[in-house]
Each structure stands twice: as structure tokens, then as C-alpha cells.
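The values are calculated or read from the model by the stated rules, or taken from the named source; none is laboratory data. Note that the structure is predicted; figures quoted are calculated from it, not measured. Cβ: placed from backbone, ideal geometry, glycine included. Neighbour counts: every protein chain shown. These area figures cover heavy atoms from the full protein model, side chains too; ligands, DNA and RNA do not enter into them. Shrake-Rupley method; radii C 1.70, N 1.55, O 1.52, S 1.80 Å.
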Amino acid sequence: WRRLPPSVIGEGGLCTKHEWEEDWERRGVRAALTSPAPKDSIVVTKEGLWKIEIHQAPQYHILRHYICGDDLNFARSLFRCRNINPQGGKSKAAFWVSHDERFLIKEVKKNAEWDVLMTKCKALQWYADKVLFEKLPSVLAMVVGVFTVTVPVTKRKRNFVVHRNLRFDLLSTPHSVFDLKGIGKSRRAPTPAGHASTDAALLAERERSDDDEADDTPHVNEKAQTSSKPVLWDQNFREWTEGRPLCLVSRDLKYLEAAVWNDTMLLNNQNLIDYSLLLVAEERLGEQTLDLCTQTEPTRTLCLGIIDYLRPYTLVAEVESKAKMLGGRAEVTVMKPAFYSKRFKIAMGTFFVAGAPSAAPP
């Protein structure tokens, strides 16, 4: 594992331990995070209407208190959600976003991915412990809740995971979203005409909704909000940057490099593939290019995290990979975990570089 000394990050940085964390350790909270998950799930029911199973409840309870504040805030966020339809993804999974847009809910339809959540939870929670309490660098988008909802009348059972919404900090700012796997020119999402101007329309919709906040009826144009911002891919990212890497402040780049190394090592050890880096990059309306290395260029905000890491490398995945190779595809998205993690790390090294010292914020 790669760690960073406090001298690299600086006082108050991501690797700084707080007093309340030490208090949690003394009170045994940290030990509960890595303790064996209970065999039985906590079940909440409403007679004849629905039944909710809360999986690995003690562990995710601790994660939510660390990341979200407490379960009350979490419940308030999920009290109302709306369905969204992200463009650019291939999983065909159903997604919802909480009414305050802090969390994303994803339905897990594939049995193999659900099995990962159930069988590899100990390894994932061990890693979460190292990241939170030992400050191991990581950009893995942590799961903060795993639930099963059953409707007795229809006997329909659905499985869900909850993540933080990586776009949340830039929702009020024009931004572009990229899903990066480290593949070449073949991975390009079609971009609708006028994509660059959709941010202004989205902000206008959000301002109108803020004016009518007192009404119970939502006034946000959900179709504009969810479909005007497609998720773009590797080649779109290269075109957006005009073939140049994004330049980061030195300490941020060192943290990102260590984080990608640690996260891919974990996923490789757990035999997981097909993950990607979701990058949310702040836009500047009216500007066509982005070059953070230029000293006169204003700095931009980036939010990122590794997502979609629940797919195991199986015989089915191996057959899919060989079929694509026989079909003449130069690059495939499915390969053995060791090769996948190596390609991913190399690609991230070409997407991000260190910027000029004068570009660093004070």
C-alpha cells in the first residue's frame, strides 16, 4: 500500500487525523467497523405494504456517521427520491437521486454483483477502515448502504446500493462528466449538438426551482436536468482537453497517484474488473479550452471517484473478452484483473500531470 507523509499533504489535509477519530477508537467504534457482519439482516416492515432488509447494518451505520453526519441526515435525504436516466452508461441499471442530490441509489440487478456485496463485504469494510482511520489514500466511491426492498402483494424483491453523489459539489456550477476506463479512441460517446450550452439552461432551471421552493410540486425540468448532461467517455475527454492532460497541484497529484495504486490493488486482489474513474470537471462558460498548466489560467474544481467496481472476473467475462478479440476489436473492456488494473493505472498517469508551482492555490 502507498501512504503519504503529512509533509506532502500539509496540516489539515486528507491525511490528518482528528481528535474525534481517536475518541471513536477508544470507544470501540472502529473495531465494530471491521467486526464480522451479523448473519441476519435488520428487517423493517409496514404491514402488507413493504419490507426493507438492512444488510451489514452496524458497519454501514458507522460509515454513514463518518461520511454523512448521522443516520437522521441520511434518512432525510432519502425520504424523497426521483428516478434519473444517466446517458452514456451501458449497465441499463435503474438509478435514483435523493431530493437534496447528495446520494445516488442504484438497483443491483446482476446476481454476480450482489454476491460481491454479500461475500466481499469484509474486505471492502477492512479497506474502508484503513482509508478512514489510517488515512490510506483512496478515491474509491464508498457504498454507504445496502438494502433489499420487498413488496409482499406483488412478491417483487429489489436490491439497492447507496453512494454519495460525486456531482454534488458542482451542481450549481456548469460542469462536464467523464467516465474513464483507460481505453483508446474506440471508446467515444456520441455528443448531442449544443452540449456545451446545456449548462446555462440547467442553471436557469435550477434558479427557477429555487424561487418556487415553497411549493410542494417540483418545478425542475427533470428531463432537462437528467438528460442534458450526458456522461462522456475516454476519447471525449481527450477531445475536451485537446489532447493535453489535466494539470493538478503537486500534492493533489501525489495523493491521486497513491489512491489509484491502492484502489486498483484492492480491486485486483478481490478479482474485480470493469471499474472506471468518474470525473466531474468544472466548466467556464464562453471558454473553449482548458489548460491548468498555464499560469494565467484560473484554477478549476474537479470531483472524482472510482465507481462500478462490483463486477467480478468470471468465466462469462472471459468468454466475452475472447469473443471481442476474435471480432477484431483493438481494445477490450474485459480482461483479467491484473491486466485491467495495469492498463487503468497507466491511463490515469496520462490523464493527470503535475502543474506549474505558481498554479497552486495558497
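Worth pointing out:
- Solvent-accessible surface of region 9-149, taken per residue with a 1.4 Å probe and all protein chains present: 54 Å².
- Distance between the 7 Å Cα→Cβ label points at Val353 and Lys122: 4.5 nm.
- Size of charge dipole - region 227-273 - debye, nearest 20, with Cβ of Lys, Arg +1 and Asp, Glu -1, no other charges: 100 debye
- Spin-label pair Thr191/Val316, simplified geometry with 7 Å Cα→Cβ offset, distance in nm: 3.4 nm
- Using a cut-off of 32 Å between Cα atoms, the listed pairs Lys17/Lys122; Lys122/Lys155; Lys92/Lys155; Lys92/Lys120; Lys130/Lys181; Lys39/Lys254 include Lys39/Lys254 as exceeding that distance.
- Computed in the context of the full set of protein chains, the accessible area of region 31-96 at 1.4 Å probe radius has 56% of its extent on carbon or sulfur.
- Within the shell of other residues whose beta carbon sits under 15 angstrom from the beta carbon of Val151, the net charge comes to +3, with Lys and Arg scored +1 and Asp and Glu -1.
- Computed extension length for Val44-Ile84: 11.8 nm, one decimal, from 0.36 nm per residue of separation with the Cα-Cα distance subtracted.
- Peptide ranges 164-170, 71-77 listed from the most packed, as the mean C-beta count within 10 angstrom indicates: 164-170, 71-77
- Cα gyration tensor category, rounded, prolate or oblate, for region 40-169 with a/c compared to 1.5: rounded
- Per-peptide average of other Cβ atoms within 10 Å, ordering 142-149, 50-57 highest first: 142-149, 50-57
- Its Cα gyration tensor gives region 45-96 an equivalent ellipsoid; the semi-axes, largest first and in whole Å, are 24, 18, 13.
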